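Report on the following structure.
The values are calculated or read from the model by the stated rules, or taken from the named source; none is laboratory data. The shown structure was predicted, so the numbers you read here are calculated from the model rather than taken from an experiment. Note that each Cβ is placed from the backbone with ideal geometry, even for glycine, and that neighbours are counted across all protein chains shown. The protein model used for the area step is the full one, side chains on, heavy atoms only, and it has no ligands, DNA or RNA in it. Shrake-Rupley method; radii C 1.70, N 1.55, O 1.52, S 1.80 Å.
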Amino acid sequence: MVETLVEPDAAAPVLDVRDLSLRFRGFDRDLLSGLRYSVRSGETLCIVGESGCGKSVASLALMGLLPPTAVEIGAADVRFCGEPLDLGDQARLRSLRGASMAMIFQEPMTSLNPAFRIGDQIAEAVMAHSGATPAEARERAVAMLRKVGIPAPEERLNEYPHQLSGGMRQRVMIAMALVNDPALLIADEPTTALDVTIQAQILDLIRDLQAETGMATIMITHDLGVVAEIATDVAVMYAGTIVEAGPVERIFNDPQHPYTIGLMSSVPRLSGPRQRLTTVPGTVPTPQTMPDGCRFSTRCPFARPVCATDPPEREFGAGHRALCHFAPLETMLERSA
Ligand SMILES: Nc1ncnc2c1ncn2[C@@H]1O[C@H](COP(=O)(O)OP(=O)(O)O)[C@@H](O)[C@H]1O
Ligand SMILES: [Mg+2]
């Protein structure tokens with residue numbers, strides 16, 4: 001049995017992030033501003049938003065994968081399994097990473113080393129976080145490869161990453177991420193580069209493993225079909241802020257922020273076809289072009305002078321919230337009529 005470094009507190013969210021702000025050194029505006037989200041055991045939080053809005057940077061910060069020389073993290077209040085987590089504590093983050101928290105990426109070669117056999121890489125991940133012997137670690141690697149659907153795992157162990165297909169490499173990366181039974185998995189667009197059939201298989205795999213282990217999952221995606229399929233909750237991110245968040249049904253059926261409404265407008269309903277988020281005209285501002293007040297104001301069809309001031313966070317019950325002067329939607333439409 002692999003030793004866990006954090007005893008999960010069943011009552012607390014696995015990850016609870018409050019007020020996470022971050023800037024790259026040399027910039028005078030925050031890239032991420034006041035992020036708040038949490039995810040519980042067995043739940044899947046989908047973080048959606050266009051390319052460049054900070055989804056990956058936020059996750060890398062939580063995993064301790066951003067060099068402190070490049071970023072300055074604000075006084076965030078982060079709890080992991082109920083315990084405070086200092087995002088500046090590199091040693092602690094290193095010990096959690098790959099054990100209690102794991103991350104998978106769009107490009108498996110971000111995690112896999114091309115120079116080592118896959119069996120050795122997975123066994124190494126086991127031994128790094130437990131007292132397992134090489135033989136035990138290898139056995140665990142075989143079991144994990146079998147679990148992620150790699151045929152003939154005893155033989156595959158000896159192969160190098162380049163000998164595998166893209167889908168198989170993705171499975172190996174998942175095996176390596178999950179081999180120590182993490183409480184939290186962050187999956188950063190893990191299926192974007194794969195063809196549709198393989199995408200569906202990988203999503204099913206993640207879902208099955210989650211059902212088995214009860215891990216909390218944060219899925220970063222811009223595929224609303226993926227969101228509809230696996231999310232329990234959704235956080236909509238725009239230019240480094242969460243503009244709307246809530247249970248998946250609320251976000252699809254009753255979106256309140258103009259940005260979310262724009263994203264959803266091309267998607268009929270929860271059961272709709274797969275769609276990409278391409279419907280809002282314009283591009284995400286960079287820290288240099290970030291407007292004051294509401295960060296979406298430069299693209300918002302409803303923007304008014306007041307939007308140059310910070311928008312309030314409005315609550316609609318059941319954890320549904322939006323960051324907009326004019327939410328809920330009815331109010332907004334009346335005012336613009
Ligand atoms: N090393 C860096 N230095 C300065 N800015 C960066 C750096 N890396 C990323 N950024 C900024 O962070 C933004 C968000 O990046 P990212 O988190 O990758 O977006 P997403 O994952 O949502 O597509 C980028 O558009 C860029 O402006
Ligand atoms: Mg990204």
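Scanning the stretch 250-271 finds no residues that are within 16 Å of ligand 1 (Cβ to nearest atom), in contact (Cβ under 8 Å) with a residue 40 or more places away in the chain and surrounded by fewer than 19 Cβ atoms within 10 Å (Cβ to Cβ). Answer yes if at least one residue in the stretch 74-84 is within 16 Å of ligand 2 (Cβ to nearest atom), closer than 30 Å to PRO285 by Cα and either of a type in the set (D, E, K, R) or touching a Leu at 6+ places or on another chain (Cβ under 8 Å) (or both), and no otherwise. For the stretch 74-84, residues within 16 Å of ligand 2 (Cβ to nearest atom), closer than 30 Å to PRO285 by Cα and either of a type in the set (D, E, K, R) or touching a Leu at 6+ places or on another chain (Cβ under 8 Å) (or both): absent.
One residue stands out among those in the stretch 106-121 that are within 16 Å of ligand 2 (Cβ to nearest atom) and in a loop (DSSP other than H, G, I, E, B): the one that is least open to solvent (accessible area, probe 1.4 Å), which is SER111.
What residue, among those in the stretch 122-148 that are touching a residue at least 40 places away in the same chain (Cβ under 8 Å) and over 28 Å from the mean Cα position of the chain (by Cα), is most open to solvent (accessible area, probe 1.4 Å)? Among residues in the stretch 122-148 that are touching a residue at least 40 places away in the same chain (Cβ under 8 Å) and over 28 Å from the mean Cα position of the chain (by Cα), the one most open to solvent (accessible area, probe 1.4 Å) is GLY131.
Checked against (1) closer than 16 Å to SER100 by Cα; (2) surrounded by 14 or more Cβ atoms within 10 Å (Cβ to Cβ); (3) modelled with pLDDT of 95 or more, PRO84 passes all but a single condition, namely (2).
Taking the stretch 149-267 and the strands (runs of 3 or more DSSP E) fully enclosed by it, the elements with 3 or more residues that are more than 16 Å from ligand 2 (Cβ to nearest atom) and under 19 Å from the mean Cα position of the chain (by Cα) are at 241-247.
Is it true that ALA216 is surrounded by fewer than 20 Cβ atoms within 10 Å (Cβ to Cβ), in contact (Cβ under 8 Å) with a residue 60 or more places away in the chain and of a type in the set (Gly, Ala, Ser)?
Working: surrounded by fewer than 20 Cβ atoms within 10 Å (Cβ to Cβ): no; in contact (Cβ under 8 Å) with a residue 60 or more places away in the chain: yes; of a type in the set (Gly, Ala, Ser): yes.
Answer is no for this residue.
The number of residues in the stretch 42-78 that are more than 15 Å from ligand 1 (Cβ to nearest atom), surrounded by fewer than 20 Cβ atoms within 10 Å (Cβ to Cβ) and among the small types (Gly, Ala, Ser) comes to 3. For GLY131, the conditions (1) assigned to a loop (DSSP other than H, G, I, E, B); (2) at pLDDT 95 or above are fulfilled apart from (2).
With respect to CYS46, determine if the residue is on the phi < 0 side of the Ramachandran plot, modelled with pLDDT under 95 and within 16 Å of ligand 2 (Cβ to nearest atom). Explain how you work it out, then say what you get.
On the way: on the phi < 0 side of the Ramachandran plot: yes; modelled with pLDDT under 95: no; within 16 Å of ligand 2 (Cβ to nearest atom): yes.
Judged against the criteria, CYS46 is not a match.
Is it true that some residue in the stretch 170-191 is more than 16 Å from ligand 1 (Cβ to nearest atom), at pLDDT below 90 and open to solvent by less than 50 Å² (accessible area, probe 1.4 Å)?
Quick first cut of the stretch 170-191, residues more than 16 Å from ligand 1 (Cβ to nearest atom) only: 170-185.
Retained after the next criterion (residues that are at pLDDT below 90): none.
No, there is no match, as no residue in the stretch 170-191 is more than 16 Å from ligand 1 (Cβ to nearest atom), at pLDDT below 90 and open to solvent by less than 50 Å² (accessible area, probe 1.4 Å).
On the basis of being in contact with a Pro (Cβ under 8 Å, 6 or more places away or on another chain), surrounded by 15 or more Cβ atoms within 10 Å (Cβ to Cβ) and among the β-branched types (Val, Ile, Thr), does ILE206 make the cut?
Values: in contact with a Pro (Cβ under 8 Å, 6 or more places away or on another chain): yes; surrounded by 15 or more Cβ atoms within 10 Å (Cβ to Cβ): yes; among the β-branched types (Val, Ile, Thr): yes.
So ILE206 fits the description; yes.
Modelled with pLDDT under 95, on the phi < 0 side of the Ramachandran plot and within 16 Å of ligand 2 (Cβ to nearest atom): which single residue out of SER59, SER51, SER95 fits that description?
Details: SER59 fails: modelled with pLDDT under 95; SER95 fails: within 16 Å of ligand 2 (Cβ to nearest atom).
Within the list SER59, SER51, SER95, the selection yields SER51.
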